[in-house]
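Below is one structure, written out as structure tokens; the observations come after it.
The values are calculated or read from the model by the stated rules, or taken from the named source; none is laboratory data. This is a predicted model, so every value here is computed, not measured. Neighbour counts run over all protein chains shown; Cβ positions are idealised from the backbone, glycine included. Each accessible area value is taken on the protein alone, full model and side chains, heavy atoms only, with ligands, DNA and RNA left out. Shrake-Rupley method; radii C 1.70, N 1.55, O 1.52, S 1.80 Å.
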Amino acid sequence: MPPDPPPDPAALSVADLAELGALFDAHWPRLVAIAGRRLDDRLAPATDPEDVVSQAFLDARRKWPGYRDRRPVSEFVWLY
């Protein structure tokens, strides 16, 4: 019988998703403001800072298990 495949890092528990969602909710306004300020002037008219932060959530979801287990930096720094 073949060994079980490694766990999918994107497959988070409901508790993990709730915790990550709460972090984004708590830091959302600040993250959106930073994304808006950092957008290149040529991209700003066509790019919504909220879309940038939403994409960051998807990236954070994939990386959450590594951060959750070690928490080497503050939550905001990690999200940023």
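The accessible surface of the chain, taken with every protein chain in place and a 1.4 Å probe, is 58 percent carbon and sulfur.
Based on C-alpha pairs under 8 angstrom that are at least 6 apart in sequence, the chain has a relative contact order of 40 percent. To the nearest ten degrees, helix 49-70 and the longest principal axis of the Cα atoms of the chain are 30 degrees apart. In a simple Cβ point-charge model (Lys, Arg +1; Asp, Glu -1; nothing else charged), segment 17-60 has a dipole of about 180 debye relative to its Cα centre.
For the chain, the longest principal axis of the Cα atoms and the long axis of helix 14-38 meet at an angle of about 20 degrees. Charge dipole of segment 6-80 (Cα centre as origin; +1 on each Lys and Arg Cβ, -1 on each Asp and Glu Cβ, all else neutral): 280 debye, rounded to the nearest 20. Restricting the calculation to alpha carbons of the chain gives Rg and Dmax of 15.4, 56 angstrom.
Given a 1.4 Å probe, how much area per residue of the chain is accessible, in Å²? Write down the numbers at each step before the final one.
Values: 5830 Å² over 80 residues.
The answer is 73 Å² per residue.
Working note: 222 nm ellipticity from helices only, DSSP H runs with n ≥ 4, each -39,500 (n - 2.57), summed and divided by the residues of the chain, gives -22000 deg cm²/dmol to the nearest 500.
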